[in-house]
C-alpha cells in the first residue's frame, strides 16, 4: 500500500461515528481512500446513503487529523499502525463482520494466531467474581493461552494481571487511543502487559478520549481476536453481554461462569 494511501486511511479512520465496514465500502466505491477524500459532502452523502451533515462532519474530521503526526506519535511510543489488506494485519480481524480498516498496536502481536481466550465481565466485580476470574485466568495463562480483554476496571484488570503474574502474553483492546490509558489507575498494569510480551490495541486515533460509543465497538475486536469468549460477571444489560453477542455472531463458543441467583452481576452469565 502506498504511503499516501496509508495517510488517507488514517484520516478516514478518524471519524469513529461511522462503521468501519461503511468506510471500507466507500473506499471501494471510489477506488481508494485518497480518492474518497477528494469528494465533496454531497457526493459522499449520496453514495454513502448518509445525511449531508454526517458527510460534512466526516470530511471535517478527516481534514483536522494530521496523519503523519499519528505515525510519528505512534512510533515514538514503540508502536505501529497495521492496515487491513497488508501482510502484517491480524488475519482474524479480517474475518469479522465489521473488520477495522486499521489498528494501532503497542507491543507484540506477532503471535496473533496463537490459541486465545477472551475473558470479559463487569467493572463492579464481586469477591466471587474476583476469585473466579483469578482462578480461570491463572490456569489459562499457565497453559500459555493468550488472554484477551479490555483493560477496564474489574474483571478485565484481574484477567490481565493474572497473565502478567504468570509471565504470559495478554492482549488489551482499549476504548481510547493507544496514547492514553483509561482508567489512569491501570498505567502500571499497561506497562506490565507490554513488558511480558503482550499488546495494547486500538482502532482509534492515537489521542482518542474514552467516549461512551467507543467501548461497545471495541468489544467486537475482543471477540475477533479470541477463539472463544468467557463471561465471568455482568448484568443482563452490560458490555460483557455485548461482547458475548458479538462472539456468537462471529460463530465462536461463548462460556459463562454461573453465580448466585440473587446477584445482579451474575444476571448476564446466568441468562
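A short reminder: the numbers here are calculations on the coordinates, not readings from a lab. None of these values were measured; they are calculated from a predicted model. Cβ sites come from the backbone with ideal geometry, for glycine too, and all protein chains shown count toward neighbours.
Figures for the structure shown
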| quantity | calculated |
| --- | --- |
| Zone of residue 228's modelled label, taken as backbone nitrogen in region 241-271 under 20 Å from a point 7 Å along Cα→Cβ | 241-259, 268-271 |
| Distance histogram in 5 Å bins (all Cα pairs of region 1-65, percent per bin) | 4, 20, 34, 30, 10, 2, 0 |
| Ascending count of other beta-carbon atoms within 10 Å, so fewest first, for 261, 178 | 261, 178 |
| Calculated [θ] (222 nm, deg cm²/dmol) that DSSP helices of n ≥ 4 give over the chain, each run adding -39,500 (n - 2.57) | -13000 deg cm²/dmol |
| Packing-based exposure ordering (other Cβ within 10 Å, fewest first) of 263, 45 | 263, 45 |
| Mean separation of Cα contacts under 8 Å, 6 or more apart, over the residue count of the chain: relative contact order % | 17 |
| Whole-angstrom gap from region 205-262 to region 1-44, using each part's C-alpha centre | 28 |
| Relative contact order, percent, region 3-61 [alpha-carbon distance under 8 Å, six or more residues apart] | 34 |
| Ranked 200, 27, criterion: other C-beta atoms within 10 Å, fewest first | 27, 200 |
| Cα long-axis angle, helix 52-64 against the chain (0 to 90 degrees, to the nearest 10) | 90 |
| Relative contact order of region 1-131, pairs being alpha-carbon contacts under 8 Å that are 6 or more residues apart, as % | 25 |
| Cα→Cβ-extended label distance, 7 Å offset, between residue 131 and residue 236, nm | 2.6 |
| Cα centroid separation - region 154-186 against region 45-89, whole Å | 25 |
| Pairwise FRET efficiency - residue 195 versus residue 57, Cβ, R0 = 41 Å, nearest 0.05 | 0.55 |
